[in-house]
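The values are calculated or read from the model by the stated rules, or taken from the named source; none is laboratory data. Quick caveat: nothing in here was measured; it's all calculated off a predicted structure. All Cβ positions, even for glycine, are placed from backbone atoms using ideal geometry, and neighbour counts span all protein chains on display. Remember, those area values only see protein heavy atoms, side chains included, never the ligands or the DNA or RNA. Shrake-Rupley method; radii C 1.70, N 1.55, O 1.52, S 1.80 Å.
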Amino acid sequence: MHHTGTGLRTLTVVRQDVSLGAGRDLEFGLELLARARSGGIGPTLRLYRPAPTVAFGQRDTRLPGFEAAAQACRDNGFEPLVRRAGGRAAAYHQGTLVVDHIEPDADAVAGSKARFGYFGGLFAEALRSVGVQAAVGEIPGEYCPGEYSVHGTDPADSSRRVKLVGTAQRVVSGGWLFSSVIVVEDSAPIRKVLTDSYAALGLDWDPATAGAANDLVPGLGVDAVEQALLQTYAGHATLETASFSSLGA
């Protein structure tokens, strides 16, 4: 993300209004990455509200409780999937916003570590602009722990911090996909499905770390967060919109 020279580069923003289904939504991001590396598309930002999904990491599948954890997801109305990236299980649903940022990049691997910090900062900035006390950094006991998770602090109780954004990255020769999930509304089902899944997997975590932005800023909705994110992005790139059908899903 180190862009030199004058002028902001252009990023095409595509809003996907309807989920294609949990599995297809995940796969489509990887297809866009393949098209970016082959020159089929330029820098693209895909935004969508997902179907209820729990994305497990590869390591989760090797635990003896994995089948029970997958069943716990189904029992809670969430579809269990396994993503190709690392990390542990993360849950999302209609009250979250998935942000897939895809770019062709001849030197994709070189910037991979820096990208986590860059995007963590960008998401925290967007959330602060709608009143969330957001910062970058892992919090003790969080689900799917990551050094660059974005968390929010409860204005009424500074000891209460919840994870709000989880990030994952896939880097290939010639391009990268940086995928982020912002939890905005309706945290209870997410907390419940993670509690059941992590118990089945035998993994320790603190359910109090699972929350949503509107637990901290009552009334905040996905649309307001999406607008804030695009305004923040506009400071980093020239945004153009395109219809989702133009991507030919």
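Structure notes:
- Considered as a group, the residues in the stretch 239-249 that are outside any helix (DSSP H, G or I) and hydroxyl-bearing (S, T, Y) include one that is least open to solvent (accessible area, probe 1.4 Å), and that residue is S243.
- Which numbered condition K113 misses (of (1) surrounded by 17 or more Cβ atoms within 10 Å (Cβ to Cβ); (2) over 15 Å from L220 (Cβ atoms)): (1)
- Any hit, the stretch 116-134, residues being among the aliphatic types (A, V, I, L, M), farther than 28 Å from V18 by Cα and in contact with a helix residue (DSSP H, G or I) (Cβ under 6 Å, 6 or more places away or on another chain): yes
- Scanning the stretch 155-171 for residues that are out of contact with any Asp or Glu (no Cβ under 6 Å at 6 or more places or on another chain), open to solvent by less than 30 Å² (accessible area, probe 1.4 Å) and at pLDDT 95 or above yields V162, L164, V165.
- Options T44, T10; residue that is buried (at least 21 other Cβ atoms within 10 Å of the Cβ) and in contact with an Asp or Glu (Cβ under 8 Å, 6 or more places away or on another chain): T44
- Checking each residue in the stretch 124-139 for being over 20 Å from I190 (Cα atoms) and either part of a helix (DSSP H, G or I) or open to solvent by 20 Å² or more (accessible area, probe 1.4 Å) (or both) picks out A124, E125, A126, R128, S129, V130, G131, Q133, A135, V136.
- I182 within 20 Å of L220 (Cα to Cα), in contact with a helix residue (DSSP H, G or I) (Cβ under 7 Å, 6 or more places away or on another chain), open to solvent by less than 60 Å² (accessible area, probe 1.4 Å) and modelled with pLDDT of 95 or more: yes
- Scanning the stretch 198-224 for residues that are among the charged types (D, E, K, R) and open to solvent by less than 60 Å² (accessible area, probe 1.4 Å) yields one hit, D215.
- With a requirement of 1 or more residues that are free of Cβ contacts under 8 Å to residues at least 24 places away in the same chain, the helices (runs of 4 or more DSSP H) lying completely within the stretch 149-238 that satisfy it span 187-201, 222-233.
- All positions within the stretch 34-68 that are within 21 Å of the chain's Cα centre (by Cα), part of a helix (DSSP H, G or I) and under 21 Å from C144 (Cβ atoms): Q58, R59, D60, T61
- Flag for Q227 being open to solvent by 10 Å² or more (accessible area, probe 1.4 Å) and within 14 Å of the chain's Cα centre (by Cα): no
- Hey, E142 of a type in the set (D, E, K, R), open to solvent by less than 40 Å² (accessible area, probe 1.4 Å) and in a loop (DSSP other than H, G, I, E, B) or not: yes
- T232, sole failed condition from (1) among the hydroxyl-bearing types (S, T, Y); (2) at pLDDT below 95; (3) farther than 25 Å from G87 by Cα: (2)
- For the stretch 69-89, a tally of residues being open to solvent by 20 Å² or more (accessible area, probe 1.4 Å), part of a helix (DSSP H, G or I) and touching a Pro at 6+ places or on another chain (Cβ under 9 Å) returns 2.
- If the condition is being aliphatic (A, V, I, L, M) and under 12 Å from the mean Cα position of the chain (by Cα), then the stretch 69-102 contributes A90, A91, L97, V98, V99.
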